[in-house]
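Novice: Please find one structure pasted underneath; my questions will follow.
What follows is calculated from the coordinates using simple rules that are stated; it is not laboratory data. Model, not experiment: these values are computed from the prediction. Methodologically, a virtual Cβ is constructed for each residue, glycine included, from the backbone with ideal geometry; neighbour enumeration extends over all protein chains shown.
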Amino acid sequence: MARLPLTEEQVSSTKVVLKLGKVGLTDEQFWQLCRDNGDFDMELTAQKELIIMPPVGVNSAWRENILTTRLTVWAESDGTGIVCSPSALFRLANSAFRGPDASWTRKEKLHVFKKDELEKFGQFCPDFVAEIRSPTDTLKELQEKMAEYIANGAQLGWLIDPYKPAVYIYRPGEPVKRLDNPTSISGNPVLPGFVFNVAEIC
């Protein structure tokens with residue numbers, strides 16, 4: 001697939017951001033808002049900014065699907081956790097609701113929740129999160145989002161920029177590691193034995 005020479009200046013941000021700090025919105029109200037407007041992808045920041053995101057294009061959806069599929073195949077073999085698609089939202093410890101493009105959570109973290117509780121937002125941060133940059137994302141906003149995941153409990157994060165191409169690897173207590181044009185990346189030790197072929201989507 002041909003690479004697009006996307007720069008920050010070429011990003012067309014079509015996200016809608018509504019400031020709700022003075023209005024107030026409970027977790028239950030946000031859940032209902034998302035259910036009543038299922039055609040929209042939404043996130044809620046810790047500063048109570050409601051972000052309404054546009055649908056992704058075919059290439060971005062394909063990249064997300066490749067990563068979640070490869071991760072799911074590995075997770076089924078490993079057996080210690082579950083994979084969620086981009087449609088899942090998680091309430092982080094800082095009160096933000098975020099939906100990574102791919103995520104993996106240890107099953108032991110889920111045992112403290114009742115089945116009906118897991119039919120709604122995840123009340124935890126996944127152990128692994130990944131974001132894949134699309135034409136409507138700026139690198140800066142995704143880097144801030146990745147730092148937020150790590151600060152709220154994620155043990156490993158991948159930010160994949162298919163336009164450079166580059167991968168930014170996030171781990172708690174460590175500086176961000178940038179890999180330029182990598183062929184593959186390893187999830188060890190958080191995802192033992194999982195190797196993702198980055199070249200497949202870049």
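Novice: Out of region 115-202, which GluC sites (Glu not before Pro) are coil in DSSP terms and have no more than 16 other C-beta atoms within 10 Å?
Specialist: Sites meeting the loop and neighbour criteria: none at all.
Novice: Let me ask you something else. At a Cα cut-off below 25 Å, give the lysines reachable from Lys115, other chains included and same-chain residues fewer than 8 away excluded.
Specialist: Cα-Cα hits under 25 Å: Lys107.
Novice: Given a cut-off of under 8 Å on Cα pairs at least six residues apart, what relative contact order in percent is computed for region 43-159?
Specialist: Contact order relative to length: 24 percent.
Novice: Hydropathy at least -1.0 by Kyte-Doolittle, axial extent at least 27 angstrom from the Cα trace: which helices of the chain, defined as entire DSSP H runs, fit? Don't skip to the end; give the middle numbers.
Specialist: Working: long enough: 58-78 (30 Å, -0.38).
What comes out of the filter, once short or polar helices are dropped, is 58-78.
Novice: For Phe40 and Glu200 in the same chain, what is the full-extension length gain: residue separation times 0.36 nm, less their Cα-Cα distance, in nm? Could you put the intermediate results ahead of the total?
Specialist: Numbers: separation 160, 0.36 × 160 = 57.60 nm, distance 2.85 nm.
Net length gain for the segment: 54.7 nm.
Novice: Indicate, rounded to the nearest 5 percent, the antiparallel portion of the DSSP beta bridges found entirely in the chain.
Specialist: Of all bridge pairs located within the chain, approximately 85 percent are antiparallel.
Novice: Of all the C-alpha pairs in the chain, what % are more than 21 Å from each other?
Specialist: Everything past 21 Å amounts to 52 percent.
Novice: In whole percent, what relative contact order does the chain give with Cα contacts below 8 Å and a gap of six or more residues? Intermediate values should be presented prior to the final figure.
Specialist: Numbers: 340 pairs, mean separation 34.7, N = 202.
In percent, rounded to a whole number, it is 17.
Novice: Take the alpha-carbon centre of region 148-202, take the same for region 69-135, and report the distance between them in whole Å.
Specialist: So the separation of the two Cα centres works out to 16 Å.
Novice: Here's a follow-up. Taking only DSSP H segments of four or more residues, each worth -39500 (n - 2.57), what value at 222 nm results for the chain once the sum is divided by all its residues, to the nearest 500 deg cm²/dmol?
Specialist: -7500 deg cm²/dmol
Novice: Then there is this: Strictly over 21 Å apart at the Cα level, which of Lys109/Lys140; Lys19/Lys164; Lys15/Lys109; Lys15/Lys48 would you flag in this model?
Specialist: Lys109/Lys140; Lys19/Lys164; Lys15/Lys109
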